1. Just tell me the longest site-free run in the chain, where the sites are trypsin sites (Lys or Arg not before Pro) in a DSSP loop having at most 15 other beta-carbon atoms within 10 Å.
2. Among (i) 20.2; (ii) 16.9; (iii) 17.7, which is the computed Kirkwood radius over Cα pairs in Å?
3. Using R₀ = 22 Å, calculate the FRET efficiency as 1/(1 + (r/R₀)^6) where r is the Cβ-Cβ separation of Ser107 and Glu81; round to 0.05.
4. Return a whole-number percent for the relative contact order of the chain, with Cα pairs under 8 Å and 6 or more residues apart as the contact set.
5. Can you give the helix-only mean residue ellipticity at 222 nm for the chain, where every DSSP H stretch with n ≥ 4 adds -39500 (n - 2.57) and the sum goes over all residues, rounded to the nearest 500 deg cm²/dmol?
6. Amide H neighbours of Leu45 under 5 Å, at least 5 residues apart or on other chains, H built in the peptide plane: list them.
7. Any chance you could give the angle, 0 to 90 degrees and rounded to 10, that helix 120-134 forms with the longest Cα principal axis of the chain?
8. Over what distance in Å are the Cα centres of segment 138-195 and segment 104-122 separated?
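What follows draws every value from the coordinates through simple rules; no lab data is involved. Because the structure is predicted, anything quoted here is derived from the model rather than measured. With ideal geometry, Cβ positions are generated from the backbone for all residues, glycine too; neighbour counts draw on all protein chains shown.
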Amino acid sequence: MTALPDLASTGRTRLGRMRKRGTPDRAVLDEILAAGFLCHLGVVLDGHPMVVPTIYGATGDTIYFHGSVASPSLRDSPGTEVCVTVSHLDGIVLARSVFEHGINYRSAMVFGVPRVVTDPDEKLDGLRCLSEQVAKGQWGYARLPSRKELAATTLLAMSLAEASVKVRVGPPDDGDSPDAEEGRWAGVVPVRSVRGEPVPDPALPDPGMPVPEHIRSMVTKD
């Protein structure tokens, strides 16, 4: 398999501090994006900054995300730059001193100029990508959107060409400090996201209707 090219270094993606936690490895970016479906979209609306949580789907060199809040601003000001952030919390790092406390995490920031997806075929492909990232198999199970629903849905697309990645793993950094001699406990409390047992809609005609296998497979297995 051909290796992916490294992420480009730009003024916005180049880390100013904690550079050792950054990586230009494009595969790490793809892994971070594949591990989630919630992003935060940073955009300027009416002269004021706003960060909007929304769902996304990533495929190839493109990230798709809902953008109904941002789309009016983007239409009024074509070429508007935005920042999309995806982050995962992996652990709480409890050190011997408060100064050394921190978290283990994986994060990615993508910069660029999004475009409103207007082509019907691409919009369907983008929505399928987004839907499958949230719940794999649901696109083929649920009713697909009608023309009216597609027209009422705003989907944005943005290139992954300019992105930065930052990761922290491991124990506290004060294991060889004078504080380590004082006998305090230090370590990491792991954090993970889990998907529980599906809860049926009370409006189902048959309360005992079996859960589709693709939905049951989403449940986190201990």
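1. Longest gap between qualifying sites, sites excluded: 18-135.
2. Label (i) holds the value from this structure.
3. 0.70
4. Over the chain, the number comes to 24 percent.
5. -4500 deg cm²/dmol
6. The list, which skips near neighbours in sequence, is Met50.
7. Compared with the principal axis, the helix lies near 40 degrees.
8. Their Cα centres are 16 Å away from one another.
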